[in-house]
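Colleague: Dropping a structure here in structure tokens format, bear with me for questions.
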Amino acid sequence: MLRVNNPNIDAAQDRWYHLGFGPSDGVKTMFEDVKFVCMGGKDKRMEDYAKYLHQVLHEPANSVYEEGTKDLRNLSASAGRYCMYKVGSALSVSHGMGMPSFQILLNELFKLLAYAECEDVSFIRLGTSGGLGIEPGTTVVSKQGYSSMLKPYFTQVVCGKETNYDSMCDESLRSQLLACGKRLGTKIVAGNTMSCNGFYEEQGRLDGAMCTFTPEEKMAFLRKAHDECGIVNIEMETNMFAAMCNRFRVKGASICVTILDRMNGDAAGITEAEYKRRERQPLEVVAELIKSSST
């Protein structure tokens with residue numbers, strides 16, 4: 001059973017501000033059967049994913065709907081920060097852009113699901129990324145999250161002090177996702193992921209409003225990440241996410257499709273239709289995992 005290891009919290013009086021609600025008997029009943037938490041950056045992506053999952057799982061009765069309808073209810077609508085839908089035993093939740101937004105969400109999700117006395121929950125981040133030395137359109141299941149300083153751990157700052165935390169993703173969950181992807185015929189690999197606190201300069205992009213480095217410096221950095229650290233994709237969350245899952249002792253996996261190969265440029269140069277097709281790949285793999293786990 002999930003547990004919050006914080007003596008300063010009175011669970012009965014706690015409130016999850018950014019989710020928009022707090023403890024109650026109704027909340028416990030609603031969430032107690034959750035086994036999968038699927039998280040991605042965009043509200044629209046995770047709303048669409050909830051609807052897709054609802055179809056794939058044949059409209060499970062333990063979904064949460066708007067009263068008197070079959071429309072899935074956004075359980076966090078009142079807070080205005082994230083979206084959250086419950087489809088059977090799965091949650092589909094947006095986490096915003098970057099590690100700070102995502103870490104706020106994780107704190108409150110962990111407290112919510114611990115309050116609901118959930119057991120054996122898998123947390124999965126799914127999204128898009130830039131590839132490094134792999135074919136665009138390849139889906140990557142992360143082994144470990146690296147920082148933008150190419151460190152294989154997440155550095156948490158607390159009260160002016162730094163602590164480093166293990167950022168390995170769960171091996172068993174990664175293996176399951178790889179097997180599901182191969183079963184679907186998806187081009188899928190495992191590799192390390194670099195997470196940056198920004199989209200432009202920190203990722204070595206030359207196309208931001210400011211640039212303080214040369215193309216040669218960019219390429220040297222990307223080659224070092226790939227060749228010395230085994231990094232095959234870049235995004236903005238996995239390093240922190242994996243560390244948080246390890247600290248809370250839950251299974252965590254990150255699965256992201258690569259939109260382009262950053263070794264060859266900073267812009268994808270693909271059609272909107274192709275972008276949508278690639279964006280859907282990790283969603284389908286995770287849906288396959290949830291579907292196979294519920295049969």
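The values are calculated or read from the model by the stated rules, or taken from the named source; none is laboratory data. Treat the numbers as computed from the prediction; the structure is a model and nothing was measured. Every residue, glycine as well, gets a Cβ built from its backbone with ideal geometry; the counts of neighbours run over all protein chains shown. These accessible areas exclude ligands, DNA and RNA; they are computed on the full protein's heavy atoms, side chains included. Shrake-Rupley method; radii C 1.70, N 1.55, O 1.52, S 1.80 Å.
Colleague: Pick out which of THR238, THR214, THR155 has the largest mean-square fluctuation in a Gaussian network model of the chain, springs linking Cα atoms closer than 10 Å.
Modeller: THR214
Colleague: For PHE221 paired with ASP266, estimate the spin-label separation in nm (one decimal), with each label point 7 Å from Cα along the Cα-to-Cβ line.
Modeller: Modelled inter-label distance: 1.0 nm.
Colleague: Still on this structure, please answer the following. If the elastic network links every pair of Cα atoms under 10 Å, which of GLY98, GLY127, GLY80 fluctuates the most in the Gaussian network model of the chain?
Modeller: Its mean-square fluctuation being the largest, the pick is GLY80.
Colleague: For a quick check, take a GNM of the chain with Cα springs below 10 Å and name the residue from ALA267, ALA114, ALA253 with the largest mean-square fluctuation.
Modeller: Per the Cα network of the chain with a 10 Å cutoff, ALA267 tops the list.
Colleague: Under a 1.4 Å probe, what is the accessible area of segment 99-190 per residue, stated in Å²?
Modeller: Solvent-accessible surface per residue comes out at 43 Å².
Colleague: Still on this structure, please answer the following. From the helices alone, meaning DSSP H stretches of at least four residues, give me the mean residue ellipticity at 222 nm for the chain, per-run term -39500 (n - 2.57), in deg cm²/dmol to the nearest 500. It would help to have the intermediate numbers written out before the result.
Modeller: Working: 7 runs with 100 residues, N = 295.
For the chain, the value works out to -11000 deg cm²/dmol.
Colleague: List every residue whose amide H lies under 5 Å from the amide H of TYR153, counting only residues 5 or more places away in sequence or on a different chain, with H placed 1.01 Å from N in the peptide plane.
Modeller: Under 5 Å from the amide H of TYR153 lie the amide H atoms of SER147, each far enough along the sequence or on another chain.
Colleague: Using Cα atoms only, what is the angle between the long axis of helix 99-115 and the major principal axis of the chain, expressed in degrees (0 to 90) to the nearest 10?
Modeller: So the inclination is approximately 30 degrees.
Colleague: Accessible area of the chain with a 1.4 Å probe: how many percent of it is carbon plus sulfur?
Modeller: In the chain, the share of accessible area belonging to carbon and sulfur is 49 percent.
Colleague: Any of LYS28/LYS70; LYS111/LYS161; LYS86/LYS276; LYS28/LYS182 with alpha carbons more than 31 Å apart? Name them for me.
Modeller: Numbers: LYS28/LYS70 22 Å; LYS111/LYS161 24 Å; LYS86/LYS276 23 Å; LYS28/LYS182 36 Å.
Exceeds cut-off: LYS28/LYS182.
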